[in-house]
Amino acid sequence: RPRVLSGIQPTAGSFHLGNYLGAVRQWVALQETHDAFYMVVDLHAITIPQDPAELRANTRLAAAQLLAAGLDPERCTLFVQSHVPEHAQLAWVMNCLTGFGEASRMTQFKDKSAKQGADRASVGLFTYPILQVADILLYQANEVPVGEDQRQHIELTRDLAERFNGRFGATFTVPKPYILKETAKIYDLQDPSIKMSKSASTPKGLINLLDEPRTTAKKVKSAVTDTDTVIRYDAENKPGVSNLLTIYSTLTGTGIEELEQKYDGKGYGALKTDLAEVMVEFVTPFRERTQQYLDDPETLDSILAKGAEKARAVAAETLAQAYGRVGFLPAK
Ligand code: AQP
């Protein structure tokens with residue numbers, strides 16, 4: 001079976017709809033066909049300041065949401081990044097292989113550090129993509145299911161894998177991004193020119209899966225569309241409506257064309273009312289399942305402990321190989 005690896009940050013508490021449609025939904029599908037490794041990336045989370053108690057709670061909460069979304073610990077390996085020390089160890093090697101200018105070109109760092117100010121942005125935020133490189137290469141992943149915003153980081157992973165292999169001999173699988181065109185980028189409901197994101201979206205533009213379902217319905221109903229009245233997919237000229245159609249289509253499995261026909265001659269109000277209902281039907285059981293996992297932290301922690309054990313077995317082998325290739329003297 002080909003292998004996949006991906007991760008999600010435990011920073012925001014609730015996952016948002018972009019996280020789910022852009023990434024987590026694919027993770028659930030891929031556990032059926034791939035040898036799948038999924039992790040809650042707490043090392044990445046501390047690239048911006050975190051309250052320790054909140055970070056701990058949010059790490060469990062992220063794992064609970066992944067299970068609620070449909071990850072099955074019998075079918076995939078689910079773990080917490082800091083439980084596998086090899087991530088930080090391989091990251092150091094990869095840091096030493098990356099050019100400063102090369103790392104400086106990562107657009108996500110540029111955006112986030114510009115927002116925080118150069119003096120407040122941490123060195124960790126700068127090297128974050130290189131830790132991500134280590135995350136992926138440790139598992140010899142063939143594919144990495146992510147949203148479009150991560151494409152540049154996967155490119156960097158490919159470059160560094162090839163560089164390492166070229167310099168030290170074949171060691172790492174060169175991975176490919178797994179990005180579904182339809183849901184690669186879910187847009188903010190209030191400003192469909194930007195991606196839905198926990199840091200850039202306003203509360204009304206961001207659908208948190210753990211929000212009160214009524215709040216979610218309200219947000220859908222007040223989504224920004226356009227002054228036209230036709231319900232048609234046209235990402236360039238009708239980004240708001242197109243975003244709603246994408247969300248609707250993905251959550252219900254109905255094709256976009258079929259939706260266009262269904263709403264032919266009807267107004268935006270009808271589309272939004274129905275989509276609000278679809279969303280409520282989706283988030284209500286999701287919230288309940290998440291709560292069930294949170295109510296039983298022992299089971300949750302034991303799932304994560306087993307996951308870490310399975311992950312470490314793979315990661316330790318890759319790290320030992322990489323260390324040997326680099327020329328580190330083996331510890332006897
Ligand atoms: N709007 C989106 N559309 C599609 N995919 C998205 N992802 C995030 N936003 C969208 C994908 O979700 C996965 C997990 O991402 P993450 O752990 O990096 O989440 P994040 O960065 O905390 O999410 P945000 O909201 O994107 O954070 P900020 O505000 O920091 O930029 C990834 O696969 C990502 O592509």
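The values are calculated or read from the model by the stated rules, or taken from the named source; none is laboratory data. Just so you know, these numbers come straight off a predicted model, no measurement behind them. Every residue, glycine among them, receives a Cβ derived from its backbone with ideal geometry; neighbour counts consider all protein chains shown. Remember, those area values only see protein heavy atoms, side chains included, never the ligands or the DNA or RNA. Shrake-Rupley method; radii C 1.70, N 1.55, O 1.52, S 1.80 Å.
Taking A217 as the residue in question, decide whether it is of a type outside the set (K, R), open to solvent by 50 Å² or more (accessible area, probe 1.4 Å) and in contact with a helix residue (DSSP H, G or I) (Cβ under 6 Å, 6 or more places away or on another chain). No; evaluated as a whole, the condition is false for this residue. Can you find a residue that is open to solvent by less than 10 Å² (accessible area, probe 1.4 Å) and either free of Cβ contacts under 8 Å to residues at least 40 places away in the same chain or within 14 Å of the chain's Cα centre (by Cα) (or both) anywhere in the range 49-61? Looking for residues that are open to solvent by less than 10 Å² (accessible area, probe 1.4 Å) and either free of Cβ contacts under 8 Å to residues at least 40 places away in the same chain or within 14 Å of the chain's Cα centre (by Cα) (or both), one finds none in the range 49-61, hence no. Only one entry of E143, E162 meets the criterion of being in contact with a strand residue (DSSP E or B) (Cβ under 9 Å, 6 or more places away or on another chain), modelled with pLDDT of 95 or more and open to solvent by 40 Å² or more (accessible area, probe 1.4 Å), and that entry is E143. I'd like to know if the range 29-42 contains one or more residues that are open to solvent by 10 Å² or more (accessible area, probe 1.4 Å), β-branched (V, I, T) and over 17 Å from A141 (Cβ atoms). No, the range 29-42 has no match at all.
The condition of being of a type in the set (V, I, T), at pLDDT 95 or above and within 17 Å of E309 (Cα to Cα) holds for only one of V24, V28, V4, V41, that being V41. The residues in the range 1-45 that are away from the ligand (no atom under 11 Å from the Cβ) and within 17 Å of D149 (Cα to Cα) can be counted, and the count is 1.
Within the range 296-312, can one find any residue that is assigned to a loop (DSSP other than H, G, I, E, B) and under 25 Å from A184 (Cβ atoms)? No, that holds for no residue. Residue count for the range 270-301 satisfying the condition of being more than 17 Å from Q65 (Cα to Cα) and open to solvent by 50 Å² or more (accessible area, probe 1.4 Å): 3.
Here's the yes/no breakdown for (1) outside any loop (DSSP other than H, G, I, E, B); (2) free of Cβ contacts under 8 Å to residues at least 12 places away in the same chain; (3) of a type in the set (G, A, S):
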| residue | (1), (2), (3) |
| --- | --- |
| T227 | no, yes, no |
| A235 | no, yes, yes |
| S249 | yes, no, yes |
| Q261 | yes, yes, no |
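Name the single residue that is surrounded by the most Cβ atoms within 10 Å (Cβ to Cβ) among those in the range 62-84 being of a type in the set (S, T, N, Q) and closer than 24 Å to A29 by Cβ. If we take residues in the range 62-84 being of a type in the set (S, T, N, Q) and closer than 24 Å to A29 by Cβ, then Q65 is surrounded by the most Cβ atoms within 10 Å (Cβ to Cβ).
L304 - would you say it is over 30 Å from V174 (Cα atoms) and crowded, with 19+ Cβ neighbours inside 10 Å? The answer is no for L304. Within the option set R120, R105, R151, being of a type in the set (K, R) and within 13 Å of the ligand (Cβ to nearest atom) holds for one residue only, R151.
Taking (1) of a type outside the set (V, I, T); (2) in a loop (DSSP other than H, G, I, E, B); (3) in contact with a strand residue (DSSP E or B) (Cβ under 6 Å, 6 or more places away or on another chain) in turn, D211 satisfies each apart from (3).
Checked across the range 186-202, the condition of being polar (S, T, N, Q) and away from the ligand (no atom under 15 Å from the Cβ) holds for no residue.
Quick check: is even one residue across the range 106-117 in a loop (DSSP other than H, G, I, E, B), buried (at least 17 other Cβ atoms within 10 Å of the Cβ) and out of contact with any strand residue (DSSP E or B) (no Cβ under 9 Å at 6 or more places or on another chain)? Yes; the residues of the range 106-117 include at least one that is in a loop (DSSP other than H, G, I, E, B), buried (at least 17 other Cβ atoms within 10 Å of the Cβ) and out of contact with any strand residue (DSSP E or B) (no Cβ under 9 Å at 6 or more places or on another chain).
Being under 21 Å from K112 (Cα atoms) and assigned to a helix (DSSP H, G or I) is the filter here; which residues of the range 167-203 pass it? Within the range 167-203, just P203 meets the criteria. The set of residues in the range 165-193 being touching a strand residue (DSSP E or B) at 6+ places or on another chain (Cβ under 9 Å) and of a type outside the set (A, V, I, L, M, F, W, C) consists of T173, P175, K176, P177, Y178, K185, Y187, D188, S193.
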